[in-house]
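For reference, the structure discussed in these notes is given below.
The values are calculated or read from the model by the stated rules, or taken from the named source; none is laboratory data. Model, not experiment: these values are computed from the prediction. Methodologically, a virtual Cβ is constructed for each residue, glycine included, from the backbone with ideal geometry; neighbour enumeration extends over all protein chains shown.
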Amino acid sequence: MNSMFKRAIVAVVVLLASTVAAQAETLEVKVPFAFIVGSTQMPAGTYRLERGSMSSSVMLIRGEHGNVAQAFVLTTPLKGGSPVRDELALVFVPDENANRLTQVWGSPTVGQEITAHRGKPSQVSQIVIVAKRLS
């Protein structure tokens, strides 16, 4: 009976681990200009954006291919539509210092807003970069 109980626990742990892994979201995007995310200055380059699960409000943004920049940011859900219809996208808003990352669209209908930044009412323009899904 004891070994049967242990096998059941192992089966549940494996099932939960695979469910969590399936919900993880990873995007990769090449940003051709320096930008700010939260309070962190990021150079131009290729970035990987990761959330532990679809319900996670924490996102890791880290440089790839020799770019060591990284930042953890808090996000809030956005519903509606990606600014480029059926594409995954990052939205940047130019401000007085640099282009600021404000939104990440990991699907055409659900995105994340970087909580350190709320769109200014006087916002006139935005820059949208298309991303690709890695997982």
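Summary table below
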read-out	value
Search result, residues across region 34-59 that are closer than 15 Å to residue 107 by Cβ, in contact (Cβ under 8 Å) with a residue 12 or more places away in the chain and of a type in the set (S, T, N, Q)	53, 55
Identity of the residue in region 80-93, aliphatic (A, V, I, L, M) and assigned to a strand (DSSP E or B), that ends up surrounded by the most Cβ atoms within 10 Å (Cβ to Cβ)	90
Selection within region 75-88 - over 10 Å from the mean Cα position of the chain (by Cα) and on the phi < 0 side of the Ramachandran plot	76, 77, 78, 79, 81, 82, 83, 84, 86, 87, 88
So residue 77, is it at pLDDT 85 or above, under 21 Å from residue 130 (Cα atoms) and loosely packed, with under 12 Cβ neighbours inside 10 Å	yes
Residue list for region 52-71, restricted to those being within 13 Å of residue 114 (Cα to Cα) and assigned to a strand (DSSP E or B)	58, 59, 60, 61, 71
